[in-house]
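The values are calculated or read from the model by the stated rules, or taken from the named source; none is laboratory data. Everything quoted here is computed from the prediction, not taken from an experiment. Please note: Cβ atoms are built from the backbone with ideal geometry, for glycine as well, and neighbour counts cover all protein chains shown. These area figures cover heavy atoms from the full protein model, side chains too; ligands, DNA and RNA do not enter into them. Shrake-Rupley method; radii C 1.70, N 1.55, O 1.52, S 1.80 Å.
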Amino acid sequence: MEKENLKAAVHLIKKAGKIVAFTGAGISVESGIPPFRGEKGLWNTYNPDYFHIDYFKSNPEDSWRLVKKLFYEFYGKVKPNAAHSALAAMENRGLLHAVITQNIDNLHQEAGSRIVIDFHGNLRHVVCTKCRKRTRFADVDPAQPVPECPACGGIVKPDIVFFGEPISPGVQRESFRQAEEADVLLVIGTTGEVMPASMIVSFAKENGADIIEINTTPSMFTHSLTDIFLQGKAAGQMTNLCDTLGVSL
Ligand code: APR
């Protein structure tokens, strides 16, 4: 069954005009970043309420402490894994047009992917809550309990989408345009539990895309939208896919 699925996936990719990847936390698990949900999910250890924009606004110091502990502790230490590299290699071969990622870890960019849409933002930058200036996280003083804007001294927040925050209209527009144009959507490592991100998959399907899904366990999409389910870890499945496509990593 697995071999047939892989062959069917390669057939769809070879005949597709436009291929887009939609990724979630599962693609970074083999880089050492735990997923949010499931047995070892981060939300089993940390209360997601503390990652709500209202909590950040009323408790910036504690919110920054948690964000640094939860996200920045991994950030800069973990490296892309073979799944990230495989997507970058497919893009180099003209077999992938864009990655839409829910992840904030910047690993697609570090693996060499050039067209990456950070649907939930990216830890690489912070944004000033006063003057809106975006600054590289590397250029603020991370030791400050609440890092300050180098331009106006205002409180900066990580350039990530907190719960309760809207997704930037430009990011949504571009993401849904990519999904609309996709002939194949490669869905990797996501439960599909978070809106509006998960609507990208149904929107691509409604506009004629074939859905190829890679996940270790079935997701919200598997029994409803997925056409080909490659069950297994992202690094191994993507390596098999590239080997069969003749794309060297
Ligand atoms: N390879 C492939 N898939 C994996 C692997 C792996 N090695 N390990 C785990 N998975 C799968 C899990 O089965 C699960 O379906 O990855 C998925 C991770 O799901 P979540 O932790 O819910 O992550 P995600 O779907 O990206 O969450 C969406 O929720 O909390 C918010 O903003 C956060 O972007 C995140 C959003």
Around Ala88, with a cut-off of 11 angstrom between Cβ atoms, what is the net charge of the other residues, counting Lys and Arg +1 and Asp and Glu -1?
-> 0
Computed about the Cα centre, the charge dipole of the stretch 149-193 from +1 Lys/Arg and -1 Asp/Glu charges at the Cβ has a magnitude in debye, to the nearest 20, of 240
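Rounded to the nearest 5, what % of the DSSP beta bridges within the chain are antiparallel ones? Mind showing how you got there, number by number?
Numbers: 8 of 30 bridges.
Roughly 25 percent of the DSSP beta bridges within the chain come out antiparallel.
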Sorted peptide list for 54-61, 80-87, criterion being average Cβ within 10 angstrom, highest first = 80-87, 54-61
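Where nothing but the Cβ of Lys and Arg (+1) and of Asp and Glu (-1) is charged, how large is the charge dipole of the stretch 160-249 around its Cα centre, in debye to the nearest 20? Don't skip to the end; give the middle numbers.
Details: 4 positive and 11 negative charges, 37 e Å.
Magnitude of the dipole: close to 180 debye.
Ranked by accessible surface with a 1.4 Å probe, highest first, in what order do Met195, Met1, Met90 come? Don't jump to the answer; show the numbers that get you there.
Numbers: Met195 125, Met1 155, Met90 0 Å².
In descending accessible area the options line up as Met1, Met195, Met90.
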In the stretch 106-249 the DSSP beta bridges are antiparallel at a rate, in percent to nearest 5, of 45
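Work out, in µm²/s and without decimals, the Stokes-Einstein translational diffusion coefficient of the chain at 4 °C, 1.567 mPa s, Rh from Kirkwood over C-alpha pairs. Intermediate results must be reported in sequence, preceding the final value.
Details: Rh = 18.6 Å.
After rounding, the answer is 70 µm²/s.
What does the charge add up to near Thr135, with Lys and Arg as +1, Asp and Glu as -1, over the other residues with Cβ less than 13 Å from its Cβ?
Details: positive: Arg124, Lys130, Arg132, Lys133, Arg134, Arg136, Lys157; negative: Asp139, Asp141, Glu148, Asp159.
Taking every other residue near Thr135 into account, the sum is +3.
Using a 10 Å cut-off on Cβ atoms, rank the peptides 116-128, 32-44 from the highest mean neighbour count down.
Sorting 116-128, 32-44 by mean packing, highest first, produces 116-128, 32-44.
Probe radius 1.4 Å, ligands and nucleic acids left out: which of Ile53, Ile115 has the largest accessible area, and how do the rest follow?
Details: Ile53 15, Ile115 85 Å².
From most accessible down to least: Ile115, Ile53.
Please state the charge dipole magnitude for the chain, taken about the Cα centre, from unit charges on C-beta atoms (+1 on K and R, -1 on D and E), reported in debye and rounded to the nearest 20.
On the way: 26 positive and 28 negative charges, 98 e Å.
That gives a dipole near 480 debye.
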Between the stretch 105-154 and the stretch 36-76, the alpha-carbon center distance in angstrom | 16
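What number comes out for the charge environment of His120, summing +1 per Lys or Arg and -1 per Asp or Glu over other residues with Cβ under 11 Å away?
It works out to a net charge of -4.
Which whole-number percentage describes the relative contact order of the chain, with Cα contacts under 8 Å and a sequence gap of 6 or more?
Details: 457 pairs, mean separation 59.9, N = 249.
Once normalised by length, the contact order is 24 percent.
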Taking the chain and counting helices only, DSSP H stretches of n ≥ 4 at -39,500 (n - 2.57) each over all residues, the nearest-500 ellipticity at 222 nm comes to -9000 deg cm²/dmol
Taking the dipole of the chain about the Cα centre (Lys, Arg +1; Asp, Glu -1; charges at Cβ), the one of Ala197, Cys152, Ser63 that reaches farthest to the positive side is Cys152
